1. Once you have the Cα-Cα distance between residue 338 and residue 322, take 0.36 nm times their residue separation minus that, and quote the gain in nm to one decimal.
2. Work out the FRET efficiency for residue 120 and residue 294 from their Cβ-Cβ distance, taking R0 = 51 Å, and round it to the nearest 0.05.
3. Over the Cα atoms of the range 170-242, what radius of gyration and what Dmax do you get, in Å?
4. Given only helices, namely DSSP H runs of n ≥ 4 each adding -39500 (n - 2.57), what is the per-residue ellipticity at 222 nm of the chain, to the nearest 500 deg cm²/dmol?
5. With a ≥ b ≥ c the root eigenvalues of the C-alpha gyration tensor of the chain, is it rounded (a/c under 1.5), prolate (a/b larger than b/c) or oblate?
6. Which whole-angstrom value gives the distance between the alpha carbon centres of the range 128-201 and the range 67-83?
7. When the C-alpha atoms of the range 246-344 are aligned to their principal axes, what extent does each axis show, in angstrom, from largest down?
8. Put one equal scatterer on each alpha carbon of the range 1-67, apply the Debye formula with no solvent term, and list log10 I(q)/I(0) at q = 0.19, 0.26 1/Å to two decimals.
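Readers should treat all values here as calculations from the given coordinates under stated rules, not as data from a laboratory. All figures in this text were calculated on a predicted structure; none of them were measured in a lab. A quick note on method: Cβ atoms are made from the backbone with ideal geometry, for glycine too, and the neighbour counts reach across all protein chains shown.
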Ligand SMILES: [Zn+2]
């Protein structure tokens, strides 16, 4: 079989005279990797220099720190919006502790926020099976509903900022669900490259990726039912990503209850891994391509986030990501895979 997928690594080193080693010459290695799908690059450097910082979750509960939280039960009824009757006649649909509300700051025509729990501060270990399941079932139902209401919006997304290092404006756990024609540059690049791959090779890149990674064994973490979990060759997050691919789901309508079960079961394994690593904050996205194509299956990406330090809460993103649009990762995907695999 000819190679259809290339995992290119540019390795190099920089030499300097080290101040803590009597100014002896020191060589430090770094890598640039080229994403086999999009051709985008990512830097691997600063190995081991950034560790996830421990967040003081009790601190976030203090009234003067907490401030006004519209998602807390005592404020929710008066402070959060309701859907119009054509979307949800009941205004704010709920399932268990999960409650869906329109986004006060909408990303598109139909844009919702999922309040995932009653409690204001929910540590990762309390994002349990029931809370996750209820949130994803209700959120996926919303995406299917807005597909009917607005079929011209081709892409459906779940996005998630969890805890302050992730950029989340509220500590109270919540996700966003929306449909759009403009899902972001990364999404559009992946989609266009997936189509090119399909037209060139006559098969879906993502299914090929699973086969390739499973065979190589260096970045394939494991499967949960029909979902496949792996570490991307080029991670977007500074502490590395976990990715999950659903090879039989091409659009929102294909995502069934069993997929939610697999998603939640896999996420719980990832969270157990994160707890062991001291990771307390993350970004995540679940992406659905347009109807009618067979080259861009649904996939989830999770990136751990941290402050660089707790002294001045410096963010873990800098000019690389903000200006150059270049991811930097301080851990090798192959090492992350060995650690994550213990939990699958
Ligand atoms: Zn709250």
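1. On the way: separation 16, 0.36 × 16 = 5.76 nm, distance 3.00 nm.
Using 0.36 nm per residue and subtracting the Cα-Cα distance, I get 2.8 nm.
2. 0.75
3. That works out to 15.2, 46 Å for Rg and Dmax.
4. -8500 deg cm²/dmol
5. Taking the square roots of the gyration eigenvalues as a ≥ b ≥ c, the chain is oblate.
6. 23
7. Computed over the Cα atoms, the extents are 48, 34, 24 Å.
8. Treating every Cα as an identical point scatterer, log10 I(q)/I(0) equals -0.86, -1.13.
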